[in-house]
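The values are calculated or read from the model by the stated rules, or taken from the named source; none is laboratory data. What you see is a predicted model, and the numbers here were worked out from it, not measured in a lab. Neighbour counts are summed over all protein chains in view; Cβ atoms, including those assigned to glycine, are modelled from backbone coordinates with ideal geometry. Accessible surface areas use protein heavy atoms only, side chains included; no ligands, DNA or RNA. Shrake-Rupley method; radii C 1.70, N 1.55, O 1.52, S 1.80 Å.
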Amino acid sequence: MQEQILALSKEVSDLATMKVSEIQNVMRTTKILALNALIEAGRAGEYGKGFAVVAHEVSNISQRISDIASALNNSMADRIDALNEVGTQLIASQRCARATDLALNMIEIIDRNLYERSCDVRWWATDSAMVAAACDPSPKTCGFASKRLGVILDSYTVYLDLWVLDRQGNIIANGRPNRYPGLIGQNYAHAHWFGQALSTRDGTDFSVADISREGRLGNQSVATYATAIRADGATDGAAEGVLAIFFDWENQSQAVVDQVRLTDEERPRTRCLLIDAQHRIIAASKGSGYTLGDRYRLDIKRGDEQGAFVKADGTIVGYSLTPGYETYQGLGWYGVIEQASVIPSAHANANDHSPIWMPHAAQ
């Protein structure tokens with residue numbers, strides 16, 4: 001609707017300019033005729049004096065009409081420029097607000113999804129098969145734990161694999177030994193997520209790692225969640241081992257950024273991104289042109305949790321910091337929506353960006 005108003009404003013401006021130009025052309029012709037009449041009146045001598053007065057007045061009226069037309073043209077141009085400026089800012093503000101809302105919605109979907117992953121790892125760590133394998137890692141208990149993990153994976157297809165590790169960090173069971181052979185006996189004591197999981201205060205706690213590629217899982221991108229397997233599966237039981245689950249980040253996150261609810265008009269000019277706390281791109285919509293792992297320049301002030309700005313080329317960037325969900329606090333990630341503008345930015349300049357819809361802290 002706002003774009004239609006601006007289009008109509010331009011049409012009115014063009015029409016007014018054209019008509020004023022036509023009036024001025026007519027007046028120029030009239031002035032030339034009046035000048036010719038004055039010349040002829042002069043030649044007529046005494047008989048042409050009365051006609052000379054009329055010709056002179058016609059010339060004066062022509063000049064007055066021309067001046068009025070010029071003033072009208074200038075006045076309309078100023079007001080139409082002001083109208084276009086206000087309309088452009090209004091459209092930019094609304095588009096900025098929408099881009100921010102889309103960014104927030106996108107990161108909220110991720111948060112809720114990853115919250116479920118944190119619930120999964122804490123729940124499955126209490127499974128009797130996991131507890132038995134961690135407390136008594138015999139071929140029988142570990143084999144049964146692997147089968148149990150396989151059953152879980154049949155229903156939870158969002159995971160690449162699930163591992164049980166002993167207190168020394170050795171993998172003693174995994175759910176997909178046929179897809180990922182040779183894992184048993186591999187040591188992950190050095191992994192940050194393992195140390196954190198083993199040190200969790202109780203069964204309600206868990207560790208989570210930033211997105212990374214796991215070489216032993218086909219070098220695929222994973223979100224790793226882990227928690228301690230405790231004696232008797234009790235919340236306050238002693239840590240006997242670790243359960244680690246590997247979320248299929250690449251495929252699942254791709255679905256999220258590709259399925260942002262954009263209109264048909266928005267989709268061709270919109271790029272949807274997820275970036276981590278170090279501003280590395282960890283997911284990007286198809287055809288965005290961005291490379292995963294590259295740093296994204298998100299120039300915002302510390303403490304700005306959501307907002308939008310307009311780049312010099314008119315591109316709108318809406319962003320939102322992860323709000324977390326339930327017991328999942330998030331990892332400082334941002335959802336980012338980039339939209340190429342359909343109108344020139346009234347504020348575009350040589351700077352990298354010029355805020356129109358000002359950032360603000362989330363309520």
*Pairs, first under 13 Å from N170 (Cβ atoms) and in a strand (DSSP E or B) in segment 187-203, second at pLDDT 95 or above and not charged (D, E, K, R), C-beta under 7 Å, six or more apart*: N187/G169; N187/N170
*Cβ-Cβ under 7 Å pairs, at least 6 apart or on other chains, segment 258-275 side without any contact (Cβ under 8 Å) to a residue 60 or more places away in the chain, far side surrounded by 14 or more Cβ atoms within 10 Å (Cβ to Cβ)*: D258/S285
*From the set of residues in segment 164-181 that are touching a residue at least 24 places away in the same chain (Cβ under 8 Å) and part of a loop (DSSP other than H, G, I, E, B), which is most open to solvent (accessible area, probe 1.4 Å)?*
R167
*Among (1) open to solvent by less than 40 Å² (accessible area, probe 1.4 Å); (2) small (G, A, S); (3) within 24 Å of N84 (Cα to Cα); (4) modelled with pLDDT of 85 or more, which single condition is A340 missing?*
(1)
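Of all residues in segment 241-273, how many are assigned to a strand (DSSP E or B) and surrounded by fewer than 21 Cβ atoms within 10 Å (Cβ to Cβ)? Outline the logic, then answer.
Filtering segment 241-273 down to residues assigned to a strand (DSSP E or B) leaves 241-248, 270-273.
Applying the additional criterion that residues be surrounded by fewer than 21 Cβ atoms within 10 Å (Cβ to Cβ) yields 248, 270-271.
Looking only at that region, the number is 3.
Filtering segment 84-101 down to residues that are closer than 22 Å to V336 by Cβ and open to solvent by 70 Å² or more (accessible area, probe 1.4 Å), which residue is modelled with the lowest pLDDT? Let's see the steps before the verdict.
Start the filter on segment 84-101 by keeping residues that are closer than 22 Å to V336 by Cβ, which leaves 91-101.
Those still in the list that are open to solvent by 70 Å² or more (accessible area, probe 1.4 Å) too: 94, 98, 101.
On the way: Q94: 82, R98: 92, D101: 94.
Checking each candidate, the answer is Q94.
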*For I229, indicate whether it is in contact (Cβ under 8 Å) with a residue 40 or more places away in the chain and in contact with a strand residue (DSSP E or B) (Cβ under 6 Å, 6 or more places away or on another chain).*
yes
*Is it fair to say D232 is surrounded by fewer than 14 Cβ atoms within 10 Å (Cβ to Cβ) and not in a loop (DSSP other than H, G, I, E, B)?*
yes
_So for segment 102-123 (the condition being of a type outside the set (A, V, I, L, M), assigned to a helix (DSSP H, G or I), at pLDDT below 95 and in contact with a Leu (Cβ under 9 Å, 6 or more places away or on another chain)), does at least one residue qualify?_
no
*Just a yes or no: is a residue in segment 130-146 basic (K, R), farther than 23 Å from L198 by Cβ and open to solvent by 20 Å² or more (accessible area, probe 1.4 Å)?*
yes
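Tell me which residues, restricted to segment 289-313, are touching a Ser or Thr at 6+ places or on another chain (Cβ under 9 Å) and not in a strand (DSSP E or B). First the steps, then the outcome.
Step one: of segment 289-313, the residues touching a Ser or Thr at 6+ places or on another chain (Cβ under 9 Å) are 292, 305-313.
Correct list: L292, E305, A312, D313.
Step by step: first the residues of segment 204-214, then only those that are assigned to a loop (DSSP other than H, G, I, E, B) and among the charged types (D, E, K, R), then the one that is farthest from P139 (Cα to Cα). Which residue is that?
We begin by selecting, within segment 204-214, every residue assigned to a loop (DSSP other than H, G, I, E, B); these are 204-206, 209-211.
Cutting the leftovers down to among the charged types (D, E, K, R) gives us 205, 210.
Numbers: D205: 29, D210: 33 Å.
Out of the qualifying residues, it is D210.
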*asked:* Just to be sure I understand the filter: pairs with C-beta atoms under 6 Å, separated by 6 or more residues or on different chains, first member in segment 111-138 and free of Cβ contacts under 8 Å to residues at least 40 places away in the same chain, second member part of a helix (DSSP H, G or I) and open to solvent by 10 Å² or more (accessible area, probe 1.4 Å). Which pairs pass?
replied: A129/F144; A129/R148; A132/T141
_Matching entry among G335, G293, G289, G303 (being at pLDDT 85 or above, surrounded by fewer than 20 Cβ atoms within 10 Å (Cβ to Cβ) and either within 14 Å of the chain's Cα centre (by Cα) or more than 24 Å from L160 (Cα to Cα) (or both))_ = G289
*Would you mind telling me which numbered condition in (1) open to solvent by 40 Å² or more (accessible area, probe 1.4 Å); (2) farther than 30 Å from L33 by Cα L72 fails?*
(2)
